[in-house]
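Scroll down for the structure; my scribbles are underneath it.
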């Protein structure tokens, strides 16, 4: 003989179906929102993407991207593409020169009571390097 499900069992099944439906709906909604949220989040971080390059290699990559962009732009607006290309060449030359100006970090620092004692000044090229790359 089959027992008829009690009222409690029926309510429990309804609750489980409802919870399962809601969790599926939440997963779908989250998936759709993430598809749109990622590009918007990238736009929100856009100002942080525009920063000073931290090495000559990064500056060289920026100059390559700028050169390609200026080539494409020169087909449509020559008066904008050419100066942009000149800026790209300037940045490339600057990156090439500063690549050889990398500071030589001293392996040991002289310290006394937790403070650096070495009072030697940096060479001018290291000062320029640190000014450009931070």
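The values are calculated or read from the model by the stated rules, or taken from the named source; none is laboratory data. Everything numeric here is computed off the predicted structure, so don't read it as measured data. Glycine also receives a Cβ, built like all others from the backbone with ideal geometry; neighbour counts cover every protein chain displayed.
Against the numbered list (1) in contact with a helix residue (DSSP H, G or I) (Cβ under 7 Å, 6 or more places away or on another chain); (2) modelled with pLDDT of 80 or more, residue 103 comes up short only at (2). Selection within the stretch 60-103: residues that are in a loop (DSSP other than H, G, I, E, B) and touching a residue at least 12 places away in the same chain (Cβ under 8 Å). The member of this set that is surrounded by the most Cβ atoms within 10 Å (Cβ to Cβ) is 101.
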